[in-house]
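The values are calculated or read from the model by the stated rules, or taken from the named source; none is laboratory data. The structure presented is a predicted model; accordingly, all values stated were derived computationally and were not measured. Quick reminder, even Gly has a Cβ in these numbers, built from the backbone with ideal geometry, and neighbours come from all protein chains shown. Accessible surface is based on the protein model in full, side chains and every heavy atom, while ligands, DNA and RNA are left aside. Shrake-Rupley method; radii C 1.70, N 1.55, O 1.52, S 1.80 Å.
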Amino acid sequence: MAPALSKCYDPSGSQYGIPTYPWRYAPDGLATRRQLRARGLRPGGQPIAAQVLRPRYRRGPLVAYLYRVDRAKPVRSMTPGKRSALAKAMLARRTCPSCRTDAGYVIPVSLGMCVTCAYPEEQRAA
């Protein structure tokens, strides 16, 4: 194992308090939140089982927390109320405050309005 990776290898947890592994060397049965989500799972209130460290030059290491896959719970399904609230929020992000129309895309924060209202002279030329 490379010297930089050996600093991140602490399976007993004596140095960092929890078992620590180098990047991409975590044992089977442990996964990050994103990996759990890709499998349709969530941590479900379980404590952090281990961590993965990725050393970086001139900065502190990147840390990813690992959870046990066997104790993970399925992702909760979206309720009708939550689905409608999300639809309303997305509609608000697509509605131009100037012309009050649905732009069909999320209005850029840098413009604050749809592209047609932000650049009317260019739209007339086209």
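Among Leu30, Leu62, Leu91, the order of accessible area from largest down is Leu91, Leu62, Leu30, computed with a 1.4 Å probe on protein heavy atoms. Atom-type composition of the exposed protein surface of the chain places 54 percent of the accessible area on carbon and sulfur (1.4 angstrom probe). Neighbours of Gln46 by Cβ distance under 14 Å: Lys/Arg scored +1, Asp/Glu scored -1, total +4.
A helix-only calculation puts the chain at -7000 deg cm²/dmol for mean residue ellipticity at 222 nm, using -39500 (n - 2.57) for each DSSP H run of at least four residues, averaged over all residues. Length gained on full extension, Ala38 to Arg93, computed as 0.36 nm times the residue gap minus the Cα-Cα distance: 17.1 nm.
Using alpha carbons only, how many degrees (0 to 90, rounded to 10) separate the axis of helix 80-94 from the longest principal axis of the chain? Approximately 60 degrees, to the nearest ten.
Compute the whole-percent fraction of alpha carbon pairs in the chain spaced more than 21 Å apart. Tail fraction, whole percent: 62. Heavy-atom accessible surface of the chain, averaged per residue, reaches 74 Å², computed with a 1.4 Å probe. Between Arg68 and Lys7, the FRET efficiency estimated from the beta carbon spacing at R0 = 30 angstrom works out to 0.75. Counted residue by residue at 0.36 nm each, then reduced by the alpha carbon distance between them, the extension gain from Arg54 to Ile18 reaches 11.4 nm.
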